[in-house]
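Quick notes on the structure that follows.
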Amino acid sequence: MTATISILGRGRAGRALAEAWGGRAALLAHTAQPEGLVLLAVPDHAVADCAARFPGRCVHLAGSLHLPGVPCAHPLTSFDGQARDWSGTPLAITGAVPDDLRRAFGDLGFVPFDLPGELKPLYHAAAVLTSGHAATLWLGAQALLRAQGVALPGRGLLPLAEATLRNIAERGPAGRTGPFPRGDAATIARDAAALPEPWREIFLKLGGALD
């Protein structure tokens, strides 16, 4: 099968999509100069220069960056370099993404929606809160325990994280548990006192962010 999509960038996103699309896509280095449709899976700082080499025939993946005249398709997921089941994963579309590429993403399970360019930073900030910041919180909590000699058995904090996501998926805001939704001031104060800064401030500010 002749490749119909050239993917520039051999990072985790580029490798995962190339594997998933198989013969439909060619995975190339940043410096390549292919013909036809080009998908830019490059770091944000490299998008503008790469796009200038393929006027009118490229799409980029940068979720926060808006370049007038350069369409974007941003998969709302965390890539690890391998093809996964992306069924039901939103795909933010900004600008005139070619129908062939939309269908190619759709074949992988992605669900497209239109995202105005001026809302991309807010959208991406929400994604960072959901993914990167959540991971920092979980890893930080683990490090706090480890520093005091507490080694959780089994799968550690992961079952709690999984149960939390499941509850939110099933019940929405009502799935949120813990002392903050309960308004348990005594427990909140006791827990906060046990934390060093800046974790104490993070604990209190995040806990009250939805009040």
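The values are calculated or read from the model by the stated rules, or taken from the named source; none is laboratory data. All figures in this text were calculated on a predicted structure; none of them were measured in a lab. Ideal geometry is used to build each Cβ from the backbone, glycine not excepted, and the neighbour counts take in all protein chains shown.
General remarks:
- The stretch 66-81 residues that are more than 12 Å from Ser131 (Cβ to Cβ), paired with ones that are of a type in the set (Val, Ile, Thr) (beta carbon under 6 Å, 6 or more apart): Pro71/Val59; Pro71/Val97; Cys72/Thr94; Ala73/Val59; Ala73/Ile93; Ala73/Val97
- The residues in the stretch 3-31 that are at pLDDT below 95, surrounded by 14 or more Cβ atoms within 10 Å (Cβ to Cβ) and hydrophobic (A, V, I, L, M, F, W, C) can be counted, and the count is 1.
- Candidate set from the stretch 44-65 (those that are in contact (Cβ under 8 Å) with a residue 24 or more places away in the chain and not in a helix (DSSP H, G or I)); member that is farthest from the chain's Cα centre (by Cα): Val59
- Residue match in the stretch 122-140 (condition: touching a helix residue (DSSP H, G or I) at 6+ places or on another chain (Cβ under 7 Å) and within 24 Å of Leu91 (Cα to Cα)): no
- Verdict on Arg103 being at pLDDT 95 or above, loosely packed, with under 12 Cβ neighbours inside 10 Å and not assigned by TED's automatic domain parsing to the domain that holds Pro198: yes
- Unmet criterion (only one of (1) over 17 Å from Leu129 (Cβ atoms); (2) part of a loop (DSSP other than H, G, I, E, B); (3) free of Cβ contacts under 8 Å to residues at least 12 places away in the same chain) for Ala209: (1)
- The sole residue among Gly175, Gly183, Gly140 that is free of Cβ contacts under 8 Å to residues at least 12 places away in the same chain, surrounded by 10 or more Cβ atoms within 10 Å (Cβ to Cβ) and in the same structural domain as Leu129 (by TED's automatic domain parsing) is Gly175.
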